[in-house]
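Here the structure comes first, spelled out in structure tokens, and everything after it is commentary.
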Amino acid sequence: MSKQIFICGCEKDGKIEKESVQKLMSTLEEKNIAYTYIEDMCGTILKNPDDLESLYNAKDAIVFGCQARAMKHLVDNSGRKTEGNGTEYHHVDDDGQEELISALESNTGKPLKIKYSDSWKPWYPVIDYDRCNGCRKCLNFCLFSVYSVEDDGTVVVSASANCKDMCPACARVCPQNAIIFPKHAESPIDGGEGDGTQNEKTDILEQIQNEDVYSVLSARRKNFQVSLLKKDQFKMAEEERRACCSGADKKEEEKKTEKCDCDCNCKDDPESTDDCGCKDGDSNSSCACKDGNSKSSCC
Ligand code: SF4
Ligand code: SF4
């Protein structure tokens with residue numbers, strides 16, 4: 001079987017075992033099976049998407065990395081994948097890996113590498129459109145405008161970089177468990193299947209419309225424990241969101257009180273309105289007057 005093989009190494013704050021990745025690469029090399037090693041697919045897909053052309057255009061590919069659902073939607077959400085081209089996604093520690101590899105043909109190609117050298121830590125949500133029902137809860141909950149709505153009503157992640165580092169709060173409020181943070185440690189937020197339950201739908205009428213009322217009520221009773229858990233999740237999400245906001249405020253505050261050690265007249269006084277003397281290129285970029293307190297054009 002001839003397939004293109006890709007391995008994601010999750011190098012930026014990685015969540016998969018380096019040993020597993022190394023073992024997989026050694027196995028492929030022993031069998032003379034060429035592969036492309038992607039240092040960090042989450043980062044590359046946002047920062048250097050052109051580098052992944054070989055993956056988007058691959059006719060028949062296997063990608064090894066973290067959770068299959070996370071990688072699939074990460075690639076699908078990029079909107080660049082050529083339609084009709086088949087790609088399978090597997091965890092690097094998948095039980096069936098040996099069988100999968102033994103079915104692959106040897107070839108003479110050499111391993112390739114797709115680098116990710118950006119300092120940005122790729123943390124952002126990915127929507128699983130097989131689950132999303134367009135309810136907009138994520139959009140209303142997020143205070144950082146990460147989500148927006150397209151003309152056809154589809155909720156999209158439109159400002160990934162606005163997402164606050166390590167905050168998974170919107171994933172907890174999604175009633176469909178449709179939001180994935182690939183680098184998160186918990187399932188289903190990381191794209192794992194979770195316990196198979198979806199967060200409780202709040203509109204019972206909506207559920208009863210097309211179903212037998214008794215089966216809906218019985219399912220709700222069964223899910224009662226789950227509902228309590230989800231309430232805890234909502235509380236957790238609110239706390240996470242609050243922590244993000246105070247983190248952002250603190251950073252702003254720190255910026256404002258930064259002391260400048262360049263030679264300008266407004267030195268040490270962030271409130272200064274002096275026309276500072278460093279505007280001719282001698283500016284130290286940490287000058288406190290850059291936050292709008294200075295009337296000069298320096299910094
Ligand atoms: S989270 Fe998954 S897709 Fe993202 S870099 Fe890590 S292994 Fe790759
Ligand atoms: S909260 Fe979940 S289901 Fe609702 S629009 Fe957002 S991603 Fe989709």
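At a Förster radius of 22 Å, what calculated FRET efficiency corresponds to the Cβ-Cβ distance of GLU19 and GLU99, to the nearest 0.05? Can you show the working numbers first?
Numbers: r = 21 Å, r/R0 = 0.94.
Rounded to the nearest 0.05, the efficiency is 0.60.
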- Message: So, taking all protein chains as they sit and a 1.4 Å probe, how much accessible area belongs to LYS59, in Å² rounded to tens?
- Response: 150 Å²
- Task: Could you list, in their original order, any pairs among LYS3/LYS72; LYS3/LYS110; LYS47/LYS235; LYS3/LYS31; LYS15/LYS121 whose Cα atoms are separated by more than 22 Å?
- Result: LYS47/LYS235
- Item | Label-to-label distance, nm, for residues given as MET236 and GLU88 (7 Å Cα→Cβ offset) | 3.3 nm
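Suppose R0 equals 35 Å; then what is the FRET efficiency for GLU29 and SER78 from their Cβ-Cβ distance, rounded to the nearest 0.05? Don't skip to the answer; put the middle values down first.
Values: r = 29 Å, r/R0 = 0.82.
The value I calculate is 0.75.
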- Query: What spacing in nm lies between the two simple spin-label points modelled at ASN133 and ALA185, each 7 Å away from Cα in the Cβ direction?
  - Reply: 3.2 nm
- The long-range amide H neighbours of CYS8, using H built 1.01 Å from N in the peptide plane and a cut-off of under 5 Å, are ILE38, PHE64, GLY65
- Considering only the other residues whose Cβ falls under 11 Å of the Cβ of ARG69, what net charge follows from Lys and Arg at +1 and Asp and Glu at -1? -3
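Keeping every protein chain in place, order MET25, MET166, MET41 by accessible area at 1.4 Å, biggest value first, i.e. largest first. The partial results should precede the final answer.
Values: MET25 25, MET166 95, MET41 0 Å².
The ordering from most to least exposed comes out as MET166, MET25, MET41.
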- Note on the structure: Candidate cut points under chymotrypsin sites (Phe, Trp or Tyr not before Pro) in segment 45-145, DSSP loop plus at most 15 other Cβ atoms within 10 Å of their own Cβ, are TRP120, TYR129
- What is the extension gain from LYS113 to PHE144, computed as 0.36 nm multiplied by their sequence separation minus the C-alpha to C-alpha distance, in nm to one decimal? 7.7 nm
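Just to confirm a number: summing +1 for Lys and Arg and -1 for Asp and Glu over residues other than CYS8 whose beta-carbon lies under 10 angstrom from that of CYS8, what do you get? Walk me through the numbers on the way to the answer.
Details: positive: none; negative: GLU11, GLU39, ASP40.
Once positives and negatives cancel, what remains is -3.
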- Query: Considering amide H positions built from the backbone, and no H for Pro or chain starts, which residues 5 or more places from THR87, or on another chain, come under 5 Å of its amide H?
  - Reply: ALA61
- Message: Counting other C-beta atoms within 10 Å, and keeping those with at most 10, which DSSP coil GluC sites (Glu not before Pro) do you find in segment 58-115?
- Response: GLU83, GLU105
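The values are calculated or read from the model by the stated rules, or taken from the named source; none is laboratory data. Source: prediction; values computed, not measured. Positions of Cβ are backbone-derived with ideal geometry, glycine not excepted, and every protein chain shown enters the neighbour counts. Calculation scope for accessible area: heavy atoms of the full protein, side chains included, ligands and nucleic acids excluded. Shrake-Rupley method; radii C 1.70, N 1.55, O 1.52, S 1.80 Å.
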